[in-house]
Amino acid sequence: MKIRPLNQADLIQARQLWEACFHDHPAFLDWYFQTRFQPEDGLGIFQGQRLLCDLHLAPRQIKIRNKIYPSAYLIALATDPAFRRLGLAKNLLTYALRHLAAHRRFFTFLLPFHTMFYTRLGWGIYADHRLYLLPKGTFSGHSLSKALHGHDQSDLDFYKNDADQKLLEGIYHRAMESRDGALVRTEQDWTGLLLDLHLEHGRIWLAATNPKADPQGYAMVLPPSPATHGRPLLRELAYLKPHQTMGLAQLAPYIPPGTCAQFLGRITNVRSALEALPYPLLTAELVMEIIDPLLPENSGLYLLNLTKGRMHVSRTMGLKPAVHCTISALAALATGSCSPQELVNTGEIALDDDLLPVLDALFPPTTNFINEYF
């Protein structure tokens, strides 16, 4: 067996493998394989010319702690049913992480179908993925406004509209400016999102003071289904003013069967990750031990030297570590998805007591948001 990047001649097999493992609309797959997916962004395990297992490393720009980084969204990890339970998926993921590290992508993320499979391999909680159930009968702009705003005296109502993609892009961009972590959507990202919404018979509602006023937000709504017990589903909500999303607190979250409510993130290279992040203008030094169950080259002792906010990381030996940290906990620290104290409580971090305030200062918790499937 051989692992290698895909090429144009492999696309027929790649699509057949996708269709054997997942249940996506043919029109979406037509667009994805003809327009979106570039063969060199896929990796596969081959036996001769036969594709047994593949993974798509979709290039993305993400924001971590208000700084933009190149990354990869790992999607469609698929194994030929006749070759499952042979460890192929784990081998391909290991190869993919090293491939990304070699291409200077220190962080990658995915939406898991089996959370435990990934967390035991070093993935940690990264970002929220939130869908919400709307009340039955939410079919008009007024009922949608009532569901989202309740009895608040909001001056916004919702109006059905075939919204211009550029308009939605602008609202999303402004809405995500208030978040420390988010996906930076490209035009192709938007094309895929809106195509998926269309194929699911979803609607877009624009929020404004009246039908002719400038929109202040949008809501993407999916129709009722047996899985939601006849209730519409709020696919995405974005406002120019972030406080207007407070109405989400009164809605029930919805997790589609076979998916997770959170994205998982993974560090591919410890030194690259720690040196790339922004830090407060502090000076500190500590020795950290990293435990990586999948990439032994990441495991070991690191000397972290922070001088006025600039981090320098080097490998070291023979020093006593002040912090013991799993690679999954490092992903949570780096992205701010968990506080240091939370990770101490779960046993993913052990440290000298006097270092907790230092980690709190270096890695404050924040909120990350991604709402994509592809």
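The values are calculated or read from the model by the stated rules, or taken from the named source; none is laboratory data. All values derive from a computational prediction rather than experimental measurement. Note: ideal-geometry Cβ built from the backbone for every residue, glycine included; neighbour counts use all protein chains shown.
Before moving on, here are some points about what is shown:
- Filtered residues of region 192-221 (kept if touching a residue at least 40 places away in the same chain (Cβ under 8 Å) and either part of a strand (DSSP E or B) or β-branched (Val, Ile, Thr) (or both)): 203, 204, 205, 206, 207, 208, 209, 217, 218, 219, 221
- Meets criteria (crowded, with 21+ Cβ neighbours inside 10 Å, at pLDDT 95 or above and of a type in the set (Val, Ile, Thr)) for residue 138: no
- Looking only at region 257-272, and only at residues there that are surrounded by fewer than 23 Cβ atoms within 10 Å (Cβ to Cβ) and touching a residue at least 60 places away in the same chain (Cβ under 8 Å), the one that is nearest to residue 182 (Cα to Cα): 262
- The residue list 218, 302 contains one member that is in the same structural domain as residue 155 (by TED's automatic domain parsing), of a type in the set (Phe, Trp, Tyr) and on the phi < 0 side of the Ramachandran plot, which is 218.
- Residues (buried (at least 19 other Cβ atoms within 10 Å of the Cβ) and over 23 Å from residue 19 (Cβ atoms)) located in region 73-98: 97
- The condition of being in contact with a helix residue (DSSP H, G or I) (Cβ under 6 Å, 6 or more places away or on another chain), part of a strand (DSSP E or B) and small (Gly, Ala, Ser) holds for residue 182.
- From 90, 67, 63, residue being among the basic types (Lys, Arg) and in contact with a strand residue (DSSP E or B) (Cβ under 6 Å, 6 or more places away or on another chain): 63
- Single condition residue 125 does not satisfy, out of (1) at pLDDT 95 or above; (2) touching a Leu at 6+ places or on another chain (Cβ under 8 Å): (1)
- Test result for residue 106, more than 29 Å from residue 338 (Cβ to Cβ) and either aromatic (Phe, Trp, Tyr) or modelled with pLDDT under 95 (or both): no
- Residues satisfying the stated conditions in region 100-109, i.e. of a type outside the set (A, V, I, L, M) and surrounded by fewer than 18 Cβ atoms within 10 Å (Cβ to Cβ): 103, 104
- Filter result for residue 131 (within 17 Å of the chain's Cα centre (by Cα), farther than 30 Å from residue 299 by Cα and of a type outside the set (Val, Ile, Thr)): yes
- Strands (runs of 3 or more DSSP E) within region 78-171 that include 3 or more residues without any contact (Cβ under 8 Å) to a residue 60 or more places away in the chain: 157-160
- Against the test of being aliphatic (A, V, I, L, M), modelled with pLDDT under 90 and under 24 Å from residue 157 (Cβ atoms), the options 233, 240, 206, 194 yield a single qualifying residue, 240.
- Subset of region 93-113 [in contact with a strand residue (DSSP E or B) (Cβ under 6 Å, 6 or more places away or on another chain) and of a type in the set (Val, Ile, Thr)]: 108
- Matching option when the condition is in contact with a strand residue (DSSP E or B) (Cβ under 8 Å, 6 or more places away or on another chain), farther than 21 Å from residue 369 by Cα and exposed (fewer than 14 other Cβ atoms within 10 Å of the Cβ), among 229, 201: 201
Residue-wise test of (1) under 19 Å from residue 123 (Cα atoms); (2) among the hydroxyl-bearing types (Ser, Thr, Tyr); (3) modelled with pLDDT of 95 or more; (4) in contact with a strand residue (DSSP E or B) (Cβ under 9 Å, 6 or more places away or on another chain).
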{"residue": "332", "(1), (2), (3), (4)": "yes, no, yes, yes"}
{"residue": "340", "(1), (2), (3), (4)": "yes, no, yes, yes"}
{"residue": "345", "(1), (2), (3), (4)": "yes, no, yes, no"}
{"residue": "353", "(1), (2), (3), (4)": "no, no, no, no"}
{"residue": "358", "(1), (2), (3), (4)": "no, no, yes, yes"}
{"residue": "362", "(1), (2), (3), (4)": "no, no, yes, yes"}
{"residue": "366", "(1), (2), (3), (4)": "yes, yes, no, yes"}
{"residue": "370", "(1), (2), (3), (4)": "yes, no, no, yes"}
{"residue": "373", "(1), (2), (3), (4)": "yes, yes, no, yes"}
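- Residue in region 288-304 that is of a type in the set (Gly, Ala, Ser), assigned to a helix (DSSP H, G or I) and either in contact (Cβ under 8 Å) with a residue 40 or more places away in the chain or farther than 30 Å from residue 134 by Cα (or both) present: no
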